[in-house]
1. Residue 3 versus (1) touching a strand residue (DSSP E or B) at 6+ places or on another chain (Cβ under 8 Å); (2) modelled with pLDDT under 85; (3) loosely packed, with under 11 Cβ neighbours inside 10 Å: which is the lone unmet condition?
2. Using beta carbons and a limit of 8 Å, which pairs, at least six apart or on different chains, have the first residue in the range 46-60 and among the charged types (D, E, K, R) and the second one part of a helix (DSSP H, G or I)?
3. Sort out which residues of the range 106-158 are farther than 26 Å from residue 52 by Cα, assigned to a loop (DSSP other than H, G, I, E, B) and modelled with pLDDT under 85, and write them in order of number.
4. Would you confirm whether or not the range 49-65 contains a residue that is in a helix (DSSP H, G or I), at pLDDT below 90 and within 16 Å of the chain's Cα centre (by Cα)?
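The values are calculated or read from the model by the stated rules, or taken from the named source; none is laboratory data. From a predicted model like this one, the values you see are computed outputs, not experimental measurements. Methodologically, a virtual Cβ is constructed for each residue, glycine included, from the backbone with ideal geometry; neighbour enumeration extends over all protein chains shown.
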Amino acid sequence: MSRLGATGENIRVGGTRRTVFLAQRTQDPSVSVVTMTQAKNTLSDALARLPELAKELEKPKPAPRAMLGVPAPVVWELALDELYDTGLDLRPRLSLIGATAPTGPTRALIRTAEPLSAILSPLTLDPLTAVDDQDYFPRLESQINLPREVKDQLRSYW
């Protein structure tokens, strides 16, 4: 591919060397410097340490660096409204027909929930492609929302 002037990152898919081209003119500059390999390693590490990372989030944080006149580095974080009461819900909590109570968890339930670090367990990142994932079809076929006629034909289309 380099003879064609294409640049990218080499990865292995099904034992064969492939080149991925992930550059975009509109991508975030903080993301553009991260390679596929770095992203995979970072995500694998984070998934393996989920409870530990959640415990760190549960600790009070010091005053923001901006208050000290020091620029803060870019930090990405998920804000899940169903785990913590953020005062902002992404989904409307509407009542069902014939009911008066809104759907979803109550604010009291959210406040008394177990800490995230007690709920989470370590996870393993799935392989990047189906061909490299020995468990792909068994996991897909175990999905209860997939119709039986689709499950029965999946492997024949592969």
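1. Against the list (1) touching a strand residue (DSSP E or B) at 6+ places or on another chain (Cβ under 8 Å); (2) modelled with pLDDT under 85; (3) loosely packed, with under 11 Cβ neighbours inside 10 Å, residue 3 comes up short only on (1).
2. 52/117; 55/117; 58/116; 58/117
3. Result: 106, 158.
4. No, every residue in the range 49-65 fails to be in a helix (DSSP H, G or I), at pLDDT below 90 and within 16 Å of the chain's Cα centre (by Cα).
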